[in-house]
Amino acid sequence: MKALTFTLVAEPPERLDLSPLTPERLAGIERRDIEKIQIGMSKHGSKVGDIFRVAGNDPLDIVFEGGSTRLDRVAEGMRGGSVRVVGNAGAQAGRAMRGGTLTIEGNAGPHAGSGMRGGRLEITGNAGEHLGAPLAGELAGMNGGVLIVRGKAGAFAADRMRRGLIAVLKGSADNAGSRMIAGTLVVAGGTGEMPGYLMRRGSILLDRAPKSLSPSFVECGAPESVFAAVIDRHLIAEGILKRPLLGIAPQKYGGDNAVLGMGEVLFPR
Amino acid sequence: MPNVSVNGITIDDTFAEAFGMRATAIVITAPNRKWARQAAITMTGFATSVIGCGCEAAIDVELPPSATPDGRPGCRVMIFAMGTDELQKQLLNRVGQCVLTSPGSACFAGLEGSAELKLGSALRYFGDGWQISKKIGGRHFWRVPVMDGEFLCEATTGLTKAAVGGGNFFVMAESSAKALVAAEAAVAAIGLVPGAIVPFPGGIARSGSKIGGKYKGMIASANEAYAPTLRGVVRSELGSDINAVLEIVIDGETNDAVAAAMKAGIKTVIELGPKRGAVRISAGNYGGKLGKFIYSLKDMLP
């Protein structure tokens, strides 16, 4: 079996909804039927065959050769297998994923990994705003799994996160981890204003002191932390980081006391 | 088959008889080796025999920092009991009173078994609402605030139903001092066998017992056949050359672990020789009808 490959022929004329092209939804479908699936979101109504050249036959191993910011909802809701985008992705990449791996070898748009519940999403470039965050009207953001951004993340990364791990390696914009319910957000490379704004529980782990925190965060000392040692080793073992992030006794700020106040921001002293 | 002699030591033609048990294991870590051992020794105190302690427990192996989940020195502790409920109770009481309380400690699962026992998922209530749940790479941890920082404890650990308790052999010597030298050497050798513990004080029991006794309510009582002071009075198993008998009792994660431990211990006693150590090795059994596991001494020879 060869990887089911969608090669982008030209820049798409409209935004595309790629959510039908997941391992589950393509299982058992012939290639000529795949080419007939409508993915265009405007009056053009482009079909897969209009946009991509399709090759290969293994739906558990899907590759999009060539990326575009118009490729929305890549691998939405996938439960297993692997999807790889060689290039950029549009909005909501890996949204509501439950399993498998999604790799984007480029940049991702807003709401990447939104509400994901399991699996592993890795973005080698930058991610847009609202990384892992809920769409309007949803109560919780990311609910499990691992989301890695090797580049930067836009504002409100990990907004309303509830479970799982998000790691951003080259810095995030303002309000990272805002309204977190629980879970773990790792940001190396600095954060924008007020990380953890209105967080209830959860951990925001930084490689340096944040440049600002909401005034309702309080200083909580820096005792030795086995948790810091365990998460440092985990991040290195998973190939997410190369060096320990926190060390053995990170500084802790607790908050946000404007809400429940059981969250924490940890960084090496 | 008659008794055999190896390196001048008589090996009785008999066998050890052992029983199926439930066992679990945890890994205790601390800022240094001293405190990892301290927490482990404290939680395995008063855990020599299920007869009176509820469980049998001891340090299985010491772990270098490279082999623990948090990169600190640690100990793998094994606990054995006759039933799952008792094992669960002993585990929580002992970790709660002896490991949670020990400075700088953390506690991790030490066994992947057929079922799970509660660990941090019960001890977390010590946090009184301030405990924090963390799932890291598929493992679930609880962080409980304590006065020197946080007690990190894995939510559950594994339980095995394939454990074996009561593997044993007797080290028989001309004097107490020689018996002790031989028994200590055996314990040191068994300490290197993974998955096997020797739960008695320093790994050695001097009061090997028989089942029951003449007094009502005694579950176990003096094994007079092996008591040198009664050699002339009762039907003794001891010849005129034996003045001290020490028993090594072994619990293992598996049948193989017990056998490996017995082999390691007996090999060491034989290598030590009769001049410095034991002149004879025997084993305890109940006629072979009660225990599920039989370890014939002639199969345990090096």
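The values are calculated or read from the model by the stated rules, or taken from the named source; none is laboratory data. Keep in mind that this is a model prediction, so the values were computed, not measured. We place every Cβ from the backbone using ideal geometry, glycine too, and count neighbours over all the protein chains shown. We work out accessible area using only protein heavy atoms, side chains counted, and drop any ligands, DNA or RNA first. Shrake-Rupley method; radii C 1.70, N 1.55, O 1.52, S 1.80 Å.
The table below gives the values:
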{"quantity": "Residue in region A:238-252 that is touching a Cys at 6+ places or on another chain (Cβ under 6 Å) and in contact (Cβ under 8 Å) with a residue 24 or more places away in the chain present", "calculated": "yes"}
{"quantity": "Among residues of region A:19-28, those that are outside any helix (DSSP H, G or I) and either surrounded by 15 or more Cβ atoms within 10 Å (Cβ to Cβ) or in contact (Cβ under 8 Å) with a residue 60 or more places away in the chain (or both), counted", "calculated": "4"}
{"quantity": "Residue list for region A:101-124, filter: open to solvent by 40 Å² or more (accessible area, probe 1.4 Å), touching a Leu at 6+ places or on another chain (Cβ under 8 Å) and more than 20 Å from A:Gly154 (Cα to Cα)", "calculated": "A:Thr101"}
{"quantity": "Residue under evaluation A:Val259, criteria (1) open to solvent by less than 50 Å² (accessible area, probe 1.4 Å); (2) within 18 Å of A:Asp159 (Cα to Cα); (3) of a type in the set (Val, Ile, Thr), criterion not met", "calculated": "(1)"}
{"quantity": "Members of region B:29-58 found to be more than 18 Å from B:Gly167 (Cα to Cα) and open to solvent by 60 Å² or more (accessible area, probe 1.4 Å), listed by number", "calculated": "B:Pro31, B:Asn32, B:Arg33, B:Lys34, B:Trp35, B:Arg37, B:Gln38, B:Ile41, B:Thr42, B:Phe46"}
{"quantity": "Hits in region B:1-35 - residues which are in contact (Cβ under 8 Å) with a residue 40 or more places away in the chain and among the small types (Gly, Ala, Ser)", "calculated": "B:Gly8, B:Ala16, B:Ala18, B:Gly20, B:Ala23, B:Ala25, B:Ala30"}
{"quantity": "Residue under evaluation B:Pro201, criteria (1) closer than 29 Å to B:Asp85 by Cα; (2) touching a strand residue (DSSP E or B) at 6+ places or on another chain (Cβ under 9 Å); (3) more than 14 Å from every other protein chain (Cβ to nearest Cβ), criterion not met", "calculated": "(2)"}
{"quantity": "Yes/no for A:Gly106 being closer than 18 Å to A:Leu147 by Cβ and not aliphatic (A, V, I, L, M)", "calculated": "yes"}
{"quantity": "Test for B:Met82: is it within 17 Å of the chain's Cα centre (by Cα), open to solvent by less than 50 Å² (accessible area, probe 1.4 Å) and away from chain A (no Cβ under 14 Å)", "calculated": "no"}
{"quantity": "Elements of type strands (runs of 3 or more DSSP E) in region A:35-100, at least 3 residues being open to solvent by 20 Å² or more (accessible area, probe 1.4 Å)", "calculated": "A:58-65, A:82-86"}
{"quantity": "Which listed residue, of A:Arg201, A:Arg208, is within 14 Å of another protein chain (Cβ to nearest Cβ) and surrounded by fewer than 21 Cβ atoms within 10 Å (Cβ to Cβ)", "calculated": "A:Arg201"}
{"quantity": "Those residues of region A:181-192 which are in contact with a Lys or Arg (Cβ under 8 Å, 6 or more places away or on another chain) and within 13 Å of chain B (Cβ to nearest Cβ), in sequence order", "calculated": "A:Ile181, A:Ala182, A:Gly183, A:Thr184"}
{"quantity": "Check on B:Cys75, under 23 Å from B:Pro194 (Cβ atoms), within 14 Å of chain A (Cβ to nearest Cβ), within 20 Å of the chain's Cα centre (by Cα) and of a type outside the set (Ser, Thr, Tyr)", "calculated": "no"}
{"quantity": "Among (1) touching a residue at least 12 places away in the same chain (Cβ under 8 Å); (2) open to solvent by 50 Å² or more (accessible area, probe 1.4 Å), the one test that B:Gly217 misses", "calculated": "(1)"}
{"quantity": "Qualifying residue in region A:139-159 (condition: open to solvent by 10 Å² or more (accessible area, probe 1.4 Å), among the small types (Gly, Ala, Ser), over 10 Å from the mean Cα position of the chain (by Cα) and modelled with pLDDT under 95)", "calculated": "yes"}
{"quantity": "Only listed residue being within 14 Å of chain A (Cβ to nearest Cβ), open to solvent by 10 Å² or more (accessible area, probe 1.4 Å), under 29 Å from B:Ala257 (Cα atoms) and among the acidic types (Asp, Glu), chosen from B:Glu154, B:Glu150, B:Glu62", "calculated": "B:Glu154"}
{"quantity": "Positions within region B:1-20 being under 25 Å from B:Lys289 (Cα atoms), among the aliphatic types (A, V, I, L, M) and open to solvent by less than 10 Å² (accessible area, probe 1.4 Å), in sequence order", "calculated": "B:Ile11, B:Ala16, B:Ala18"}
{"quantity": "Yes/no for A:Ile166 being within 14 Å of another protein chain (Cβ to nearest Cβ), in contact (Cβ under 8 Å) with a residue 60 or more places away in the chain and closer than 20 Å to A:Thr191 by Cα", "calculated": "no"}
{"quantity": "Single residue of A:Val265, A:Val259 found to be at pLDDT 95 or above, in a strand (DSSP E or B), more than 12 Å from chain B (Cβ to nearest Cβ) and over 24 Å from A:Thr124 (Cα atoms)", "calculated": "A:Val265"}
{"quantity": "Residue check for B:Leu159: open to solvent by less than 20 Å² (accessible area, probe 1.4 Å) and at the interface with chain A (Cβ under 10 Å from one of its Cβ atoms)", "calculated": "no"}
{"quantity": "Members of region B:165-182 that are farther than 17 Å from B:Ser207 by Cβ and either in a helix (DSSP H, G or I) or open to solvent by 10 Å² or more (accessible area, probe 1.4 Å) (or both)", "calculated": "B:Glu174, B:Ser175, B:Ala177, B:Lys178, B:Val181, B:Ala182"}
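Residue-by-condition table, conditions (1) within 13 Å of chain A (Cβ to nearest Cβ); (2) in a helix (DSSP H, G or I); (3) of a type in the set (A, V, I, L, M):
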{"position": "B:Cys98", "(1), (2), (3)": "no, yes, no"}
{"position": "B:Gly104", "(1), (2), (3)": "yes, no, no"}
{"position": "B:Phe108", "(1), (2), (3)": "yes, no, no"}
{"position": "B:Glu112", "(1), (2), (3)": "no, no, no"}
{"position": "B:Glu116", "(1), (2), (3)": "no, no, no"}
{"position": "B:Ala122", "(1), (2), (3)": "no, yes, yes"}
{"position": "B:Tyr125", "(1), (2), (3)": "no, yes, no"}
{"position": "B:Ser133", "(1), (2), (3)": "yes, no, no"}
